[in-house]
């Protein structure tokens, strides 16, 4: 059994899948660069797979033409769940799709289609939530900064949304759980790994004023007689509130 090692990106994983198909590997294992424990004591050959954009694009085109763009998007969302064993599950999903073609979407009761679809829906739901729950703050370093702690690795899924919404200012969305960040420099956005804060970002005086105004607005427009914590928690679960300005102590 061959262990295919890649750079932990979705593009890198597509290159790995393409390499597996080319070599005819039926039961591959997957690991990321530097993760020697995942290789295991009794692993066979370890194959390092380079991330080549052209290879990833070629595999995407092959799968979309054989199956559909929708099913490829499902695989992408599922990958960003980062659940244990997701690579092998997606390997089975991709190979099954290339076998049955456009009928893949009809096999929802069959594995691995059922699990991949379920995981993708969960990730999509969280990404959609964060499009409304990201709160940018103006920091003295001269850009907008936001902190998030999502369960899934969703930065690549939500960054294009904020390029359209906040495209006139440079910004950074920082995933504190993974130490990853999405940066936008008014031209394009990119993902950066191993981003750690050496100190708490200092907010500008204007940002502090707007924060106080927004908190006061949020509190004073609440109707006491209609206070419904249970309903509020359904719409804004507790795990999303940590970095929401309106829920921070004033």
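Values in this text are rule-based calculations from the coordinates and carry no lab data. Since the model is a prediction, treat every value here as computed from it, not as a measurement. We place every Cβ from the backbone using ideal geometry, glycine too, and count neighbours over all the protein chains shown.
Structure data summary
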{"quantity": "Average Cα contact separation per residue, the chain, under 8 Å, 6 or more apart, as relative contact order %", "calculated": "13"}
{"quantity": "Correct choice for Rg/Rh (Cα atoms, Kirkwood Rh) that was computed from the model, options [x] 1.09; [y] 1.04; [z] 0.95", "calculated": "[y]"}
{"quantity": "Difference of contour (0.36 nm per residue) and Cα-Cα distance, residue 161 to residue 114", "calculated": "14.1 nm"}
{"quantity": "Inter-centroid distance (Cα atoms) of segment 111-175 relative to segment 47-63, Å", "calculated": "25"}
{"quantity": "Segments 62-71, 194-203, 78-87 sorted - mean Cβ within 10 Å per residue, highest first", "calculated": "78-87, 62-71, 194-203"}
{"quantity": "Helical contribution to [θ] at 222 nm, DSSP H n ≥ 4, -39,500 (n - 2.57), averaged over the chain, rounded to 500", "calculated": "-14000 deg cm²/dmol"}
{"quantity": "Counting all C-alpha pairs of segment 134-247, share separated by more than 23 Å (%)", "calculated": "37"}
{"quantity": "Sequence ranges 161-167, 95-101, ranked by mean other-Cβ count within 10 angstrom, highest first", "calculated": "95-101, 161-167"}
{"quantity": "Peptide ranges 231-238, 143-150, 126-133 listed from the most packed, as the mean C-beta count within 10 angstrom indicates", "calculated": "143-150, 126-133, 231-238"}
{"quantity": "Cα→Cβ-extended label distance, 7 Å offset, between residue 208 and residue 98, nm", "calculated": "5.9"}
{"quantity": "Rounded, prolate or oblate (a/c below 1.5 giving rounded, otherwise prolate when a/b exceeds b/c) for segment 3-124 by Cα gyration tensor", "calculated": "prolate"}
